[in-house]
Ligand code: DC
């Protein structure tokens, strides 16, 4: 591809693989926009909880899926997320939202709504974008110029997550992660999956700096047409 074309990079994988830190840093280094699609699913989940929608009732979720207005700010130095104009960057990271997000994001009407939003954000990124999630390479942006699938052992992922959530023990984090990944991987509509043409990077033995360098190199090779 020519370097003037806005480059679209899809980074997928389960939680705790360093997806967010890697995606943000790669976007910042290369002057690209950044979109955290998990934050959008968390935002719609937060709205459902706040508006008394039963998150165990897919029909109720489907009926309300079109109501909240979700806006993502795509500057990798300071990404933002609002729902109906309210800054929800903090509230979407609570245990309550985390425990309900897999059920909400499995509802096809929710996925259709959020996928459309993601495609329009990617299409309007003038200098290109790094989009991180679970189904970006397979479903949302199947024509992305570069697809990365990050993996890591369950132990490494749990250790990283419990480091982020200070005070939460590794064992319960590991159990919760495995449960959420199983739900995200087994749902019918666009599950967590590696695209056939994605480059898999196992981050278990790598530092964050090494993962970032690896992805930056892959993007630069693509841009150079290698
Ligand atoms: O990346 P995260 O942990 O913030 O994502 C939260 C949840 O959102 C995750 O458990 C599954 C869902 N998700 C999804 O279904 N599709 C995406 N592209 C991104 C996230």
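Using a cutoff of 8 angstrom between alpha carbon atoms and counting only pairs six or more residues apart, the relative contact order for the chain works out to 34 percent. Between 0 and 90 degrees, the angle of helix 108-123 with respect to the longest Cα principal axis of the chain falls at about 30 degrees.
Between the helical axis of 37-50 and the longest alpha-carbon principal axis of the chain there is an angle of about 10 degrees. For the pair residue 123 and residue 186 in one chain, pulling the backbone fully straight at 0.36 nm per residue adds 19.8 nm over the alpha carbon distance. The sum of -39500 (n - 2.57) across all DSSP H runs of n ≥ 4, divided by the residue count of the chain, sets its helix-only mean residue ellipticity at 222 nm to -14500 deg cm²/dmol. Peptide packing for 37-44, 131-138, 102-109 was compared via the average number of neighbouring C-beta atoms within 10 Å per residue; ordered from the highest value, the list is 131-138, 37-44, 102-109. Its Cα gyration tensor gives the chain an equivalent ellipsoid, and the semi-axes of that ellipsoid, as √(5λ) in whole Å with the largest first, are 27, 21, 16.
To the nearest ten degrees, helix 208-223 and the longest principal axis of the Cα atoms of the chain are 60 degrees apart. Take every pair of alpha-carbon atoms less than 8 Å apart whose residues are at least six positions apart; their mean separation over the length of segment 55-151 yields a relative contact order of 21 percent.
Using all pairs of distinct alpha-carbon atoms, the Kirkwood hydrodynamic radius of segment 100-192 works out to 14.9 angstrom.
The tail of the calculated P(r) for segment 160-226 beyond 20 Å holds 54 percent of all Cα-Cα pairs. Segment 126-180 and segment 210-224 have Cα centres lying 19 Å from one another.
Just so you know, all these numbers are worked out from the coordinates, no wet-lab data involved. Just so it is clear, the structure is predicted and the values come from calculations on it, not from any experiment. Virtual Cβ from ideal backbone geometry, glycine too; neighbours counted across all protein chains shown.
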